[in-house]
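J.: Quick one: this structure, given as structure tokens, is what I'll be asking you about.
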Amino acid sequence: MNAVLPRFLKSTYRKEPLITVLMTMGVMDALIGGFNDSWSLLAFGLGTTGIALAFKLWRFQQRRPVPEEPVVQYYLPSRSSSPPLPMLSVSKKKPPL
């Protein structure tokens, strides 16, 4: 199976679980009703899917204004004002025991 599809489905289910559950129920009802010649179940499934899509589009229209990106606040300066520490070297003498 394509690796992109499961990742897309997981992200969609996490973002809007109610809408995706309603869409899944509607599509499955429509498929079952279409294959079994049950027109009422087909109509119910298509109606449920349509209502879920309309609700998703309505929520998408409500979320249109995107806030400006927050200003990053740094707690430490980018450069230190104190001079760098001297490099340490390993002494050749052995410590007394």
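The values are calculated or read from the model by the stated rules, or taken from the named source; none is laboratory data. Because the structure is a prediction, the values reported are computed rather than measured. For neighbour counting, all protein chains shown are included, and Cβ atoms are generated from backbone atoms with ideal geometry for every residue, glycine included. The area values use the complete protein model at the heavy-atom level, side chains included, leaving out ligands, DNA and RNA. Shrake-Rupley method; radii C 1.70, N 1.55, O 1.52, S 1.80 Å.
J.: Just tell me, in residue order, which DSSP H segments of the chain are both 30 angstrom or longer along the helix axis (alpha-carbon based) and at least -0.5 in mean Kyte-Doolittle hydropathy.
T.: Numbers: long enough: 39-62 (34 Å, 0.70).
Answer set is 39-62.
J.: Which one of ALA3, PRO84, THR24 is farthest out on the positive end of the charge dipole of the chain, using unit charges on Cβ (Lys, Arg +1; Asp, Glu -1) and the Cα centre as origin?
T.: Farthest towards the positive end: PRO84.
J.: On to the next question. Could you grab the relative contact order for the chain? Cα pairs under 8 Å, six or more apart, rounded to a whole percent. Numbers along the way, then the final one.
T.: Working: 53 pairs, mean separation 17.9, N = 97.
Result for the chain is 18 percent.
J.: Same structure again: What does the net charge come to around LYS15 if you take all other residues with beta carbon closer than 12 Å to its beta carbon, with K and R at +1 and D and E at -1?
T.: Details: positive: LYS10, ARG14, LYS56, ARG59, ARG63; negative: GLU16.
So the surrounding residues net to +4.
J.: On average, how much accessible surface per residue is there in segment 1-69, in Å², for a 1.4 Å probe, leaving out ligands, DNA and RNA?
T.: Counting only protein heavy atoms, the per-residue value for segment 1-69 is 83 Å².
J.: In addition: Can you give the accessible area of VAL90 in Å² (nearest 10), computed on protein heavy atoms with a 1.4 Å probe?
T.: Accessible surface of VAL90 is approximately 130 Å².
J.: Another one. Starting from the residue with the highest accessible area, list LYS56, LYS10 in decreasing order, probe 1.4 Å.
T.: Details: LYS56 75, LYS10 120 Å².
Reading off the accessible areas and sorting them downward yields LYS10, LYS56.
J.: For the chain, with a Gaussian network of springs between Cα atoms less than 10 Å apart, report the residue from LEU85, LEU46, LEU57 with the top mean-square fluctuation.
T.: LEU85
J.: Taking the Cα centre of the chain as the origin, how large is its charge dipole in debye, to the nearest 20, when only Lys and Arg (+1) and Asp and Glu (-1) carry charge on their Cβ atoms? Don't skip to the end; give the middle numbers.
T.: Numbers: 12 positive and 5 negative charges, 213 e Å.
About 1020 debye.
J.: Restricting attention to the alpha-carbon atoms of segment 1-61, what are Rg (one decimal) and Dmax (integer), both in Å?
T.: Final numbers for Rg and Dmax: 13.1, 37 Å.
J.: Of THR20, THR48, THR12, which is the most mobile in a GNM of the chain whose springs link Cα atoms less than 10 angstrom apart?
T.: THR12
J.: Which residue, PRO83, PRO17, PRO70, tops the fluctuation ranking in a GNM of the chain built on C-alpha contacts under 10 Å?
T.: Its mean-square fluctuation being the largest, the pick is PRO83.
J.: Residue farthest toward the positive end of the dipole of the chain, with Cβ of Lys/Arg at +1 and Asp/Glu at -1: which of TYR75, GLN61, GLY34?
T.: Going by the Cα projections, it comes out as TYR75.
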